[in-house]
Amino acid sequence: MEFRKIINVAVIAHVDAGKSTLVDAFLAQSHVFNDHEVIVSQVMDSNDLERERGITIYSKNCSINYRDYRINIVDTPGHADFSSEVERIIKTVDTVILLVDSSEGPMPQTRFVLKKSLEAGLRPILLINKIDKKDARINAVIDEVYDLFLDLNANDDQLDFPILYGIAREGIVRYNPGDTNNDINPLFETIVSHVEPYPDFMEEPLQMQVSALMYDDYIGRIGVGRVYAGTIKQNQMVSICNNNNKKENRKIANLYTYQGLKRTAALEAQCGDIVMISGIENIEIGDTVGPQDVYEPRPQIEIEAPTLSMNFMVNTSPFQGKSGKYVTSRNIKERLEKELEVNVGLKVEETDTTDTFRVSGRGELHLSVLLENMRREGYEIAVSRPEVIMKNIDGQLHEPVEEVICSVPNEYSGTVINKLNLRKGQMIDIQDEGSYTKVIYHAPTRGLLGYRSEFINDTKGEGVMVRKFIEYQPFVGEVPQRANGVLISNATGKAMTYALWNLQDHGQMFVTPQTEIYEGMIVGVSNKNMDMEVNPTVNKKMTAVRSTGNDEAMKLVPPRIFSLEEALEFINDDELVEITPDDIRLRKKYLTNLDRRRHMREVNKANAEQ
């Protein structure tokens, strides 16, 4: 096998900076698509959830040819909740293209992904994207990037990064903003001139490390990783060394590489390439693949620990099984075990009861994506309020703290600052940006749970809030929870217009007329700071007397409809979110008034004994 020049490139950036759009331009200019193919924008975001939300959740690979080089491109998530994807991918690439918006500049997630790249010793390429924006401030953004590199302790080689300017949406990258070329050749040329191709280690023993996992219904589990030395072949007998240094001999059944976007079967692959292997059913992330004789495994891949957890429970509501196919604890356990095979940022623990599992992840979005996928697959499940994972460091209780950057219209800045102060946040910086104010806070994750929807209301939808986990800090004490109580149904049946019309004065409703409800279901949020039991199934008594004044049209205020993330943020500790393929409902943990009172007596008794 002849040695071929290979360069692996990761595209990293904050959410919405244009990573997937840039990869589209790479593929289009490399003539990956046939003339008859319909080209879809953000083609790498192939998952339904990714396309709906407009974000990258799972890292994906593709391959292009430029001159005599083979360039493997990795599209990485920009959200810190999917950091486990980013951490592994950085170890398989030779350089990163750092995309920064010409107006927004470096954002919190930009800092996160860049930090991982610099720690791995990579020399980034900076691409200032969206230079056609009316509010572009290119020179100021470049200065901010230099400050960020210095803040992250970049060395001299890393600080000497090339700078390019582009409009990824139009497939344009230029050496200077004033150039007139309409292609991305400057980016290709910069990659091959700035980055040394992977060295020729083909004569050395095979060494490959698995950095990601895939699953195929026909061929089973697939390990994805880079070949660091030697060559790898189909049907080759190899030794698999896991993270505990335990070695097993196995046979590679199938070997695949990428040709454009397609996974293509290969007989052999060389060092430097990213490959996929199948036939090894228990292969795990971090495993080293090598020859059957003695060899040194590669260093383990360290994944940052989860910071948030919630309980996944069997749905016990009266509507259980009405729309879902998978409703038992065995179904839920099997699905979570399947998720663990490919989602290494996740942790699943069994609890004292057989129908509850404690699932931990990197953030609300990380866990809600799993729940949304399960819901679409036909699962019914109930989940508790997210809880932060505390740590005991040097005998003192510590909790996760996040950096929060809020850009809000000036007239709402006082409200936002006041709310963040109440949630135990500490102001780090405040900047005037014309009609907007930018505030930077460090706040405990506990205090930020449930704040996003409140922030949107306080800023009338005009504010932008970005969060990023930074570190564990000493526990800051109690944080206030939701101020308002809820309206709890004390009856089962269909919600009636007459009842909802009368209840509007007591709070904001979550249900519409003719919605099926049950006792213990939350049908609205109360105007007061206490829960209220209501009967939304009451209808107007029919009489033979009619008058214009009494029979005026009942106008209902549109109800508040929750997305999954909003529902998880809204609930308190004594409430659950019931997730089914057809609906998302809020409910009390204990459905009847008698059960709730009995539970409160037990809690008060336990507190008194302590």
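The values are calculated or read from the model by the stated rules, or taken from the named source; none is laboratory data. Quick caveat: nothing in here was measured; it's all calculated off a predicted structure. Heads up, the Cβs are rebuilt from the backbone with ideal geometry, glycines too, and the neighbour counts pull from every protein chain shown. Areas reflect the complete protein model, heavy atoms only, side chains present, ligands, DNA and RNA absent. Shrake-Rupley method; radii C 1.70, N 1.55, O 1.52, S 1.80 Å.
Structure notes:
- Computed with every protein chain present, the accessible area of MET202 is close to 30 Å² [probe 1.4 Å].
- Gain upon complete extension [GLU533, ASN282; 0.36 nm per residue less C-alpha separation]: 85.1 nm
- Rg and Dmax, both from the Cα atoms of the chain and both in Å, are 27.3, 97.
- Calculation over all alpha carbon pairs of region 65-220 in 5 angstrom steps from 0 returns a P(r) of 1, 8, 16, 19, 20, 16, 10, 5, 3, 2, 0 percent.
- Evaluating 6.51 cos²θ - 1.76 cosθ + 1.60 at θ = phi - 60° for every residue in region 272-289, the Karplus couplings come out as x, 7, 9, 10, 10, 10, 10, x, 10, 5, 9, 5, 10, 5, x, 5, 9, 9 Hz, glycine and proline recorded as x.
- Remark: region 177-186, residue by residue, has Karplus-estimated 3J(HN,Hα) of x, x, 5, 10, 5, 10, 9, 10, 4, x Hz, where x stands for each Gly or Pro and the curve is 6.51 cos²θ - 1.76 cosθ + 1.60 at θ = phi - 60°.
- Longest exposed-site-free window of the chain, the sites being trypsin sites (Lys or Arg not before Pro) in a DSSP loop that have at most 13 other C-beta atoms within 10 Å: 326-459
- Taking all Cα pairs closer than 8 Å and separated by 6 or more residues, the relative contact order of the chain comes to 10 percent.
- Across TYR198, TYR590, the residue with the most accessible area heads the list, and the full order at a 1.4 Å probe is TYR590, TYR198.
- Inter-label distance, nm, simple model (7 Å from Cα along the C-beta direction), ARG169/ARG597: 6.0 nm
- Distance (nanometres) between label positions extended 7 Å along Cα→Cβ at THR353 and THR264: 5.4 nm
- To the nearest ten degrees, helix 108-119 and the longest principal axis of the Cα atoms of the chain are 30 degrees apart.
- Helix axis angle, 413-422 relative to the chain longest principal axis, alpha carbon, degrees: 80 degrees
- Taking amide H atoms as placed 1.01 Å from N in the peptide plane, the amide H of ASN8 lies under 5 Å from those of ASN72, ASP94, THR95, each 5 or more residues away in sequence or on another chain.
- Mean projected area (nm²) of the alpha-carbon convex hull when region 141-247 is viewed from all directions: 12.2 nm²
- Within the shell defined by Cβ-Cβ distances under 9 Å, the residues around VAL525 carry a net charge of +2, with Lys and Arg each +1 and Asp and Glu each -1.
- Under 23 Å from the Cα of LYS588 - lysines, other chains or at least 8 residues apart: LYS322, LYS494, LYS528, LYS605
- Cα centroids of region 183-198 and region 451-525: 51 Å apart.
- Centroid-to-centroid separation of region 132-177 and region 229-268 [C-alpha atoms, Å]: 38 Å
- Straight-distance candidates among the lysines for linking to LYS133, with alpha-carbon spacing under 23 Å and chain neighbours fewer than 8 residues away dropped: LYS19, LYS438.
- Solvent-accessible area assigned to carbon and sulfur over region 392-439 amounts to 45 percent, based on a 1.4 Å probe.
- Computed from the C-beta positions of GLU462 and VAL557, the FRET efficiency with R₀ = 25 Å rounds to 0.65.
- Measuring nothing but how far apart in sequence close Cα pairs (under 8 Å, 6+ apart) lie, relative to its length, region 237-347 scores a relative contact order of 23 percent.
- Ordered by solvent-accessible area of protein heavy atoms (1.4 Å probe), largest first, the residues PHE201, PHE510 come out as PHE201, PHE510.
- ³J(HN,Hα) computed for each position of region 205-222 - Karplus, 6.51 cos²θ - 1.76 cosθ + 1.60, integer Hz, glycine/proline x: x, 4, 8, 9, 10, 7, 10, 8, 10, 10, 9, 10, 4, 9, 10, x, 6, 10
- Stretchable slack from ASP505 to ARG4, in nm (0.36 nm times residue separation minus alpha-carbon distance): 173.1 nm
- Taking a straight Cα-Cα cut-off under 17 Å and skipping sequence neighbours fewer than 8 places away in the same chain, the lysines within cross-link reach of LYS333 are LYS325, LYS347.
- Put GLU402, GLU302 in order of accessible area, highest first, and with a 1.4 Å probe you get GLU302, GLU402.
- Accessible area of the chain divided out per residue, in Å², using a probe of 1.4 angstrom: 47 Å²
- Distant-in-sequence amide H partners of ALA266 (H built 1.01 Å from N, under 5 Å): LEU255, TYR256, THR257
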